[in-house]
């Protein structure tokens, strides 16, 4: 039996949240360090998201026409979730029981059906299709924020059953909330502390440092940079940051929608090649509507592949153990051969090396 190569573990602190993670590279030498989660979702029932099955979902709140199926075809549909986490009816009156605060579960829960093709995965989307999905995210966010009961709109995607998806057909979700999520509150506190100290946006400084260092870069184009965060909680975690400072996702322009689509597809294709299309989550982080200190926050996209499982240590301590240093993960993704079969012959810009 060969003893594993000794790798000194590191504790790394997230500069925004103050959260510590353990980078334990030695654990990557264990047999099967990553779990092989299936991406497919079991089933057998007719897919409610496929063309011809529109009656199986609530009436759409947004539809982009022109996809497969002739004059009646569509490219993207957004429908209310049939099993919503929150409901739009009623008021969000607060009440409590002694120490405990409560309020009615007011909100909105929508599903973005990203393609009419049941077997099309986002890593294989044409750039134009992904841009339509992102445009739908933005349009629905703007519309939902017209309702003054909503304090935040969260956009996220679950790909694969292990990441939380209940259907194979490519889709993402939008939830409008009557409160700002604790994670966003923590980010606003962290960015505020840094701004008070330095007088600058911490995410702009992170971007400058990552571009200068280059070890954690995964991909970049004219408007966005994808990198493995310094204190990554999970193996092959990626953050996508706009180069220009902007706190609000909903201000995305048509040109930026296209370049965001390019880099998101690029990251997902790298996952598909390097990690055999793992389950993953995509989450959009944006400042709450009307945030009064826009110089302090910078919207971003998190991409989180599902390769490991949080267990007792993580839940008990709040520390995450990451067996793959982000520098190694970035290099593995960055150094892939550029044979990603990009649609229409459009080659994405090469990342810096």
Subset of the stretch 110-146 (residues that are touching a strand residue (DSSP E or B) at 6+ places or on another chain (Cβ under 9 Å), part of a loop (DSSP other than H, G, I, E, B) and within 15 Å of residue 62 (Cβ to Cβ)): 114, 115, 116, 145
Long-range neighbours under 6 Å by Cβ, at least six apart or interchain, first residue at positive phi and at pLDDT 95 or above within the stretch 228-247, second crowded, with 21+ Cβ neighbours inside 10 Å and in a strand (DSSP E or B): 236/305
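Here's the yes/no breakdown for (1) part of a helix (DSSP H, G or I); (2) at negative phi; (3) in contact with a strand residue (DSSP E or B) (Cβ under 9 Å, 6 or more places away or on another chain); (4) modelled with pLDDT under 90:
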| site | (1), (2), (3), (4) |
| --- | --- |
| 309 | no, yes, no, yes |
| 316 | yes, yes, no, yes |
| 324 | no, yes, yes, no |
| 330 | yes, yes, yes, no |
| 336 | no, yes, no, yes |
| 340 | no, yes, no, yes |
| 344 | yes, no, no, yes |
| 349 | no, yes, yes, yes |
State whether one or more residues within the stretch 35-43 are part of a loop (DSSP other than H, G, I, E, B), at pLDDT below 80, touching a strand residue (DSSP E or B) at 6+ places or on another chain (Cβ under 8 Å) and exposed (fewer than 13 other Cβ atoms within 10 Å of the Cβ). no
Out of all the residues in the stretch 53-96, which are at pLDDT 90 or above and part of a strand (DSSP E or B)? 62, 63, 64, 65, 74, 75, 76, 77, 78, 79, 80
Residue check, residue 194 assigned to a helix (DSSP H, G or I), under 29 Å from residue 143 (Cα atoms) and in contact (Cβ under 8 Å) with a residue 40 or more places away in the chain: no
Counting only residues that are part of a strand (DSSP E or B) and closer than 21 Å to residue 176 by Cα, which one in the stretch 236-290 is farthest from the chain's Cα centre (by Cα)? 285
Only residues that are assigned to a helix (DSSP H, G or I) and touching a strand residue (DSSP E or B) at 6+ places or on another chain (Cβ under 7 Å): list them for the stretch 291-307, please. none
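The values are calculated or read from the model by the stated rules, or taken from the named source; none is laboratory data. Being a predicted model, the structure only gives us computed values, none of them experimental. Because the Cβ atoms are built from the backbone with ideal geometry, glycine has one as well, and the counts that use them run over all protein chains shown.
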